[in-house]
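Below is one structure, written out as C-alpha cells, with a few remarks after it.
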Amino acid sequence: MNPKRYIRQTILKEFGADGQRKLAKAKVLVVGAGGLGVPVLTYLNAMGVGALGLVDADVVSLSNLHRQVLYTEAMVGSLKVEAAAEQLQKQNPETELKIYPTFLNVSNALEIIKGYGVVVDATDNFPTRYLINDACVLLKIPFVYGALHGFEGQVSVFNYQNGPTYRCLFAKMPAADAIPDCNENGVLGILPGIVGNLQALETVKVICGLGDVLSGTLLLYDALTQRMQRMKFSLQSKNLDINTLAESYEFDCELEIKDSPNLDIRPMLSDGLIEVIDVRTQPEFDAEHLRGAKHIPLDEVEQRSLEIDMTKSVYVICQVGIRSQKAIYILEQKHPEKEFINVTGGMNMIDSYANTY
C-alpha cells in the first residue's frame, strides 16, 4: 500500500493511518452493480478497501448510462460485473476484486456472503433484500441498505453490533404490484450517486468505527428540497431468531413464476412458436420492441388478458424483468390453468444478444 495515495484522508486525525489499515484489511460485498452499486464500488475502491466482491448478472444497457457513470457506450451488452471490475482495476490496482456474474439466490447467498465483513445492498427489489437480511443475520454480518423511489432515497445499516435488522423496519414483504422500479417510474441520474455515496460512507464508518453509524435509524433524503429526515426504529428480538434461510424469497403471493432460460427468444417469436407480451409503457414500446410482440401495458393486463393467444407458450417481457413478474401474478390469477414465462433480464438481456428488430 502506497501511503501517498491516501495521504489526504490519513491526515485526518479521526481517521489516520489506523483507519487506512482497517480499510486495507476489509472485505466488502456489493450486491448490485447498477445505479447504487456504481458509486459504492467506485469510492470504496478509491479509498483503499482491500477486497471487493461484485454480485450481478445484469448487462450494461444504453439507458443505464445517465446514472451508472462507471460504464461507457462501448460496454453496452457486457456483463456489469466484468465491465465494473475492468474499470475499478484501472482506478486502483491494489484492490482484490472478485466477481460473481449471478443474481443472489437461496442456493448461493450464504456461500457468497460468508467470506465478507460487510454487505452493501445495492439492489432494486424486495425479495433480494429479505434474502440479504436473513443471510447476514445467520452469518452475523452487518449490511448497508440503500433504496430509491422517485426523487427520494433511503439509507440505513442493519444487523450492526446486534442492532435492528431489515425485518425490524419492514416486517412483511409487500405485494408485487406495490413495488416501484426505476424503469417504470424513472430516476433522476444524480440521485443514485447521492444515495450510493451515503451507503459508501456508512460502510467506511462501520469498518473503521467512525462517528454514529445509521443503526436503528432510517435516513430519508428528498432531492427536490435537499432535506434529510431521520426515523428511529428498534430491535425486535424475534427477528434475530433465524436458523435457516427460507425455501424461497418471493413477493407476498402464493403464485410461483417460471423464468425463461438464458436464451434469445426472437427466433421462436419470428417463427410464430410463442406469444410475447410486452408490458412496458407506450413510449418505451415505441422506442424499441421485438417485432411480433403484443403490447399490453401493465396497467391494462387484467382487462386485456383475453387478447393473449393461450394456445402458445406465453412469454412476458418488460425492461429488466420486474414489471413482467407483476403482470404474471395478475395473469395467473385470471388464468390459473396456464403457465406464463418471465423473460429474465427483459429487454436489457435481449439487447445483449444483438440489436433488436
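Does residue 123 satisfy the condition of being of a type in the set (S, T, N, Q), crowded, with 16+ Cβ neighbours inside 10 Å and in contact with a Lys or Arg (Cβ under 7 Å, 6 or more places away or on another chain)?
Spelling it out, residue 123 is indeed of a type in the set (S, T, N, Q), crowded, with 16+ Cβ neighbours inside 10 Å and in contact with a Lys or Arg (Cβ under 7 Å, 6 or more places away or on another chain).
Condition (residue is touching a Pro at 6+ places or on another chain (Cβ under 8 Å) and surrounded by 14 or more Cβ atoms within 10 Å (Cβ to Cβ)) applied to the stretch 135-146: is it met by at least one residue?
For the stretch 135-146, residues touching a Pro at 6+ places or on another chain (Cβ under 8 Å) and surrounded by 14 or more Cβ atoms within 10 Å (Cβ to Cβ): present.
Would you check if residue 138 is in contact (Cβ under 8 Å) with a residue 12 or more places away in the chain and within 22 Å of residue 213 (Cβ to Cβ)?
Here the answer is yes, as residue 138 does meet what is asked.
Which pairs have Cβ atoms under 9 Å, sit 6 or more apart or on different chains, and link a residue in the stretch 342-357 that is among the acidic types (Asp, Glu) to one that is modelled with pLDDT of 50 or more?
351/59; 351/61; 351/62; 351/76; 351/77; 351/288
Based on what the data block shows, is residue 206 touching a helix residue (DSSP H, G or I) at 6+ places or on another chain (Cβ under 9 Å), surrounded by 20 or more Cβ atoms within 10 Å (Cβ to Cβ) and either within 19 Å of residue 40 (Cα to Cα) or modelled with pLDDT of 95 or more (or both)?
Against the criterion (touching a helix residue (DSSP H, G or I) at 6+ places or on another chain (Cβ under 9 Å), surrounded by 20 or more Cβ atoms within 10 Å (Cβ to Cβ) and either within 19 Å of residue 40 (Cα to Cα) or modelled with pLDDT of 95 or more (or both)), residue 206 does not qualify.
Out of the residues in the stretch 217-241 meeting the condition of being aliphatic (A, V, I, L, M) and more than 16 Å from residue 143 (Cα to Cα), tell me which one is surrounded by the most Cβ atoms within 10 Å (Cβ to Cβ).
Filtering the stretch 217-241 for residues that are aliphatic (A, V, I, L, M) and more than 16 Å from residue 143 (Cα to Cα), the one surrounded by the most Cβ atoms within 10 Å (Cβ to Cβ) comes out as 223.
Take the residues in the stretch 307-355 that are at pLDDT below 80, in contact with a Ser or Thr (Cβ under 7 Å, 6 or more places away or on another chain) and not in a loop (DSSP other than H, G, I, E, B); name whichever of them is nearest to residue 281 (Cα to Cα).
If we take residues in the stretch 307-355 being at pLDDT below 80, in contact with a Ser or Thr (Cβ under 7 Å, 6 or more places away or on another chain) and not in a loop (DSSP other than H, G, I, E, B), then 348 is nearest to residue 281 (Cα to Cα).
Name every residue in the stretch 289-298 that is on the phi < 0 side of the Ramachandran plot, surrounded by 12 or more Cβ atoms within 10 Å (Cβ to Cβ) and not β-branched (Val, Ile, Thr), in order of residue number.
Matches in the stretch 289-298: 289, 290, 293, 294, 295, 297, 298.
The values are calculated or read from the model by the stated rules, or taken from the named source; none is laboratory data. In this text, all values refer to a predicted model and were calculated from it rather than measured experimentally. So basically every Cβ, Gly included, is an ideal-geometry build from the backbone, and we count neighbours across all protein chains shown.
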